[in-house]
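The values are calculated or read from the model by the stated rules, or taken from the named source; none is laboratory data. Since we're looking at a predicted model, the values are computed, not measured. Here Cβ is always computed from backbone atoms with ideal geometry, including for glycine, and neighbour counts include all displayed protein chains.
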Amino acid sequence: MGLEGPQGNTLLMTIMKAMRRREFLGLGLGTTGALLLSQCSSGSSQSAAPGSTLAQAQFHTSEDGLLRFDLVAAAQRVKLGNRDANLLTYNGQVPGPRLEAKPGDTVQIRFTNRLSQPTNLHYHGLHIPPTGTGDNVFLEILPGEGHTYEFQIPQNHPAGTFWYHPHYHGLVAEQLFGGLAGLFVVRGELDEMPAIKAAQEAFLVLKDFALDRSGNIPNPGHMAQMTGRIGDLLTANGQFNPSLEIPSGGLLRLRLLNASTSRFFWLSLEEHPFHLIATDGGAIASPIALNDLVLAPGERVEVLVQGNQAPRPYRLLNQPFNPAQGMMGGGMMGGGMMGRGMMGGSPNRGTTETVATLTYNGAIAPLSLPTQLMAVEPLPEPQTTRQFTLNHGMGMVFLINGQAFDHSRIDTQVALNTVEDWEIVNTGTMAHPFHVHTNKFQIISRNGQPAPYAAWKDVVLVSPGETVRIRMPFRDYTGKTVYHCHVLDHEDRGMMGTLDIQPA
Ligand code: C2O
Ligand code: CU
Ligand code: CU
């Protein structure tokens, strides 16, 4: 899809302008030109010339302990970068509005479904009740109908980057791929740390899209639904290659979400290491320097970037990551994120593309990285250990422990106030990011090797042949919830189970 005709010319003009501005001298004109040409011919709409300044979604913050918001899901024609697109939107926006609350706040979301299909909302990563008007993914909200979600964010909820998206089984992949996703940020202790406060904050919602010539989302083929539908248009906050600004000497706090249905991101920023400060469930104990990181669908990270290089543009690159293979012999870092360990070991598909561009603007007295963040509470030894085997069956069905999802069956029953180890075993040929609702967990080991640092997660990438052990406390809430693969085509095709948390 892409840039034939007038749009291709626009791209070339942008490149020429950028070259005239000599922004790319440092990268070498020859290389840049060749890279761009090959991107044109492969039909991608990415451009190495930074586009517009990164847009931030409209956001809505709680006031006096209450976050009240009206949210409408509807199909709408919107701008995706420079393209007209018929997408699925929350309040007419892609990504949806960013919601912000604090621990202890009451959240009241009056939701209306103006889609042509049933839907509902899931609050991914929030520790809130999975039942009633809470994070209830068993609800069916029919077209034209609504539901008021109401819940309280616990007083001791960690600060972090969470998100909301549809969770109506069977249609989740399609509705996310259409554009339905928004950030849900909990502001708390981490945000108050002086070193973090001093950093400039930017949210990056990473998402792939596919559009035909009239701006419609093409129907995914059979194969795409098997491996997971993947679009060739990479966007950050609904933009193509936006620019991110940093002052010389400054710190940029990048808060990344992979809101794609099935696409993995394997990110690196030219000449700037990432200093990891938070994972899915909040802060880690101290920053960890990474040259690159993998974000599986559903995962979030927060990283600090230091503005300590020569003031010219640097590309935030996404290297191809083949989810059918995963990272065989990959590294051993916590979460789905891999450090240097995965370099070289991963089979590639397609080309490296620019997701955003870091540009320098102004200068400030140099800020230093924090040395300490927040302690990650160690978990007690588990009372129970269970195994979950991920594989696919005959046809296009995806299974956990040999079974496809059935909402009326209870697959796993646990007791409130206990701690369990779950061993997730991938005996198939595709990578599966395993996700659990309601409670977060820590990764204990991968293929028997202990996790290098403690971190709270709610998605963990399990590559083919791997066994990952996670430890999870069941706290505060009873009731029925789910766990599933966050490649949402796999989830829609059966790779989900029910979890019943029983009173102690
Ligand atoms: Cu983000 Cu059950 O999912
Ligand atoms: Cu979730
Ligand atoms: Cu999967």
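Collect the residues in the stretch 471-504 that are modelled with pLDDT of 95 or more, within 25 Å of V376 (Cβ to Cβ) and away from ligand 3 (no atom under 16 Å from the Cβ), keeping them in residue-number order.
Once the filter is applied, which keeps residues that are modelled with pLDDT of 95 or more, within 25 Å of V376 (Cβ to Cβ) and away from ligand 3 (no atom under 16 Å from the Cβ), the stretch 471-504 yields R471, M472, P473, F474, R475, D476, Y477, T481, L499, I501.
Considering only residues that are more than 20 Å from Q413 (Cβ to Cβ) and of a type in the set (S, T, N, Q), look in the stretch 459-504 and name the one that is nearest to ligand 1 (Cβ to nearest atom).
It comes out as S463.
Can you tell me which residues in the stretch 303-316 are under 24 Å from I284 (Cβ atoms) and either at pLDDT below 95 or not in a loop (DSSP other than H, G, I, E, B) (or both)? If you could, list the steps in order and put the result at the bottom.
Going residue by residue through the stretch 303-316, those that are under 24 Å from I284 (Cβ atoms) are 303-308, 316.
Within the stretch 303-316, V303, L304, V305, Q306, L316 qualify.
Looking only at the stretch 480-494, which residues are more than 19 Å from the chain's Cα centre (by Cα) and within 17 Å of H124 (Cα to Cα)?
Once the filter is applied, which keeps residues that are more than 19 Å from the chain's Cα centre (by Cα) and within 17 Å of H124 (Cα to Cα), the stretch 480-494 yields K480, T481.
In contact with a strand residue (DSSP E or B) (Cβ under 8 Å, 6 or more places away or on another chain) and away from ligand 1 (no atom under 16 Å from the Cβ): which single residue out of T427, T438 fits that description?
When all the criteria are applied, what remains is T427.
Within the stretch 413-461, how many residues turn out to be in a strand (DSSP E or B) and within 16 Å of ligand 2 (Cβ to nearest atom)?
Count: 13.
Residues in the stretch 130-150 that are farther than 22 Å from F177 by Cα and either within 14 Å of ligand 2 (Cβ to nearest atom) or modelled with pLDDT under 95 (or both): how many?
Residues meeting the conditions: 2.
Looking at this structure, is H169 over 18 Å from the mean Cα position of the chain (by Cα), within 16 Å of ligand 3 (Cβ to nearest atom) and closer than 30 Å to P503 by Cβ? Walk me through it before giving the result.
Values: over 18 Å from the mean Cα position of the chain (by Cα): yes; within 16 Å of ligand 3 (Cβ to nearest atom): yes; closer than 30 Å to P503 by Cβ: yes.
Considered against the rule, which asks whether it is over 18 Å from the mean Cα position of the chain (by Cα), within 16 Å of ligand 3 (Cβ to nearest atom) and closer than 30 Å to P503 by Cβ, H169 comes out as yes.
So which residues in the stretch 111-127 are assigned to a loop (DSSP other than H, G, I, E, B) and not hydrophobic (A, V, I, L, M, F, W, C)?
Correct list: S116, Q117, P118, N120, G125, H127.
Output the qualifying pairs, or none if there are none: Cβ atoms under 8 angstrom, residues six or more apart or on different chains, first residue in the stretch 277-290 and assigned by TED's automatic domain parsing to the domain that holds H486, second residue crowded, with 20+ Cβ neighbours inside 10 Å.
Qualifying pairs under 8 Å: none.
Just to verify a result, which residue in the stretch 429-476, among those that are acidic (D, E) and under 25 Å from H167 (Cα atoms), is nearest to the chain's Cα centre (by Cα)?
D458
For the stretch 481-493, state whether one or more residues are in contact (Cβ under 8 Å) with a residue 24 or more places away in the chain, aromatic (F, W, Y) and within 13 Å of ligand 2 (Cβ to nearest atom).
Looking for residues that are in contact (Cβ under 8 Å) with a residue 24 or more places away in the chain, aromatic (F, W, Y) and within 13 Å of ligand 2 (Cβ to nearest atom), one finds at least one in the stretch 481-493, hence yes.
Within the stretch 397-420, does at least one residue satisfy the condition of being within 16 Å of ligand 1 (Cβ to nearest atom), under 19 Å from the mean Cα position of the chain (by Cα) and outside the structural domain of F177 (by TED's automatic domain parsing)?
Within the stretch 397-420, not a single residue is within 16 Å of ligand 1 (Cβ to nearest atom), under 19 Å from the mean Cα position of the chain (by Cα) and outside the structural domain of F177 (by TED's automatic domain parsing).
Testing V185 on (1) in a strand (DSSP E or B); (2) under 30 Å from A224 (Cα atoms); (3) within 16 Å of ligand 1 (Cβ to nearest atom), one condition comes back false. Which one is that?
Answer for V185: the failing condition is (2).
Pairs, please: C-beta under 7 Å, at least 6 apart or cross-chain, first residue closer than 30 Å to L295 by Cβ and in the stretch 134-163, second of a type in the set (S, T, N, Q) and part of a strand (DSSP E or B)?
Once the first residue is closer than 30 Å to L295 by Cβ and sits in the stretch 134-163, its partners that are of a type in the set (S, T, N, Q) and part of a strand (DSSP E or B) give I141/N113; I141/T119; Q152/T106.
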